[in-house]
């Protein structure tokens, strides 16, 4: 089967999965973009996204730099043909394939955003301990405003089956991050570099870094944790076109949180762009919300590394409960604390407050070896929320893992409960 026909098949499958809700999704995305970027007023976004998608297909990459992309144009054209064949019109087809790129690489590069009109960014967290006391150990927070559509998505952040002791995925965590009025890449050609990575990248973190750095304009923005098959890990910070890496400091452990870059050059670049927005809005560091939010996110990120390193340095390695304690941190005041419980993102400017962030769902897990198991919990009532730490964690064992005496002691003592011991809607 040639690339054009492979693309058509992929496009038809994508349309069958998405078309039922895609029109509503597109209309909602356009409304949200017009609120975030008021200077879009009067722009026909339906036509703009069609034009941009056509531009992407025509923006041929430099094959001397990106030889792996040679021949991909046929597949991309085929995908759009297949999507239209299955019922997509020109606008929904272009929206499906190109909206995030258009939003962040074109609109955000040229229009001043007003984040105070749409709410704060989510501040999610991931931690990775390759040398845990019982196996590879991870923990995770997903934070956001209390929105029903987000609550419905909680299961996807749960441990994926927790079944067999399988290979560790190369991306072990991801969180949103970005820069206001970021740079626009030189090339907008559609490309998912993870599809093109040579096999040796899986086994060699340095090869992975080299490849993804070369392709840095085609992925992100955001923060991620990458891991190779030898369990070498790195924290990745990404704007539209720039990338930086933070290597482990203690026992191979790494962590990320959202909305901040600790790398000095990326942080300076972000601040320079924030000042550009301040100038356009007639604001200063004293009253610009993006500036204050970034400072708070940076405090959180620095504390997360401190807590992660302390747990990684534990004699014998990080424990399951210790990994959970890192993401459940409430010891210090907001904004440095890791676990959120309705904190006002811009508490010093209540007249401009647009919402409060909560840790919606949280888990920690031993993901390899004979002791595979998870502790997890979620906010249960979005109308009358309680901090996620007020809920007793549930203990879920991996497939084929028998309950050990010390785990049963935790259950008997009430430190955790089994999934079938309660009926509060938090079942996996």
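Some points to look at:
- Among the criteria (1) under 15 Å from the mean Cα position of the chain (by Cα); (2) buried (at least 24 other Cβ atoms within 10 Å of the Cβ), the one residue 137 does not fulfil is (1).
- Residue tally, condition in a loop (DSSP other than H, G, I, E, B) and under 25 Å from residue 305 (Cα atoms), over region 181-208: 1
- From 55, 20, residue being under 27 Å from residue 6 (Cβ atoms) and exposed (fewer than 13 other Cβ atoms within 10 Å of the Cβ): 20
- Any hit, region 209-221, residues being in contact with a helix residue (DSSP H, G or I) (Cβ under 9 Å, 6 or more places away or on another chain), assigned to a helix (DSSP H, G or I) and in contact (Cβ under 8 Å) with a residue 60 or more places away in the chain: yes
Yes/no per residue for (1) at pLDDT below 95; (2) surrounded by 12 or more Cβ atoms within 10 Å (Cβ to Cβ):
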site	(1), (2)
369	yes, yes
372	yes, yes
376	yes, yes
382	yes, yes
397	yes, yes
401	yes, yes
406	no, no
420	yes, no
423	yes, no
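- Residue match in region 262-274 (condition: closer than 26 Å to residue 167 by Cα, at pLDDT 95 or above and not in a helix (DSSP H, G or I)): no
- The one condition in (1) at pLDDT below 65; (2) within 16 Å of the chain's Cα centre (by Cα); (3) assigned to a loop (DSSP other than H, G, I, E, B); (4) surrounded by fewer than 14 Cβ atoms within 10 Å (Cβ to Cβ) that residue 163 fails to fulfil: (2)
- Matching entry among 297, 310 (being closer than 19 Å to residue 244 by Cα and outside any loop (DSSP other than H, G, I, E, B)): 297
- Within region 307-321, the set of residues being under 10 Å from residue 132 (Cα atoms) and surrounded by 18 or more Cβ atoms within 10 Å (Cβ to Cβ) comprises 311, 312, 317, 318, 319, 320.
- Checking every residue in region 291-314 against the condition of being over 20 Å from the mean Cα position of the chain (by Cα), modelled with pLDDT of 90 or more and either farther than 26 Å from residue 231 by Cβ or not assigned by TED's automatic domain parsing to the domain that holds residue 267 (or both) gives at least one match.
The values are calculated or read from the model by the stated rules, or taken from the named source; none is laboratory data. Note that this is a predicted model, so its numbers are computed, not measured. So basically every Cβ, Gly included, is an ideal-geometry build from the backbone, and we count neighbours across all protein chains shown.
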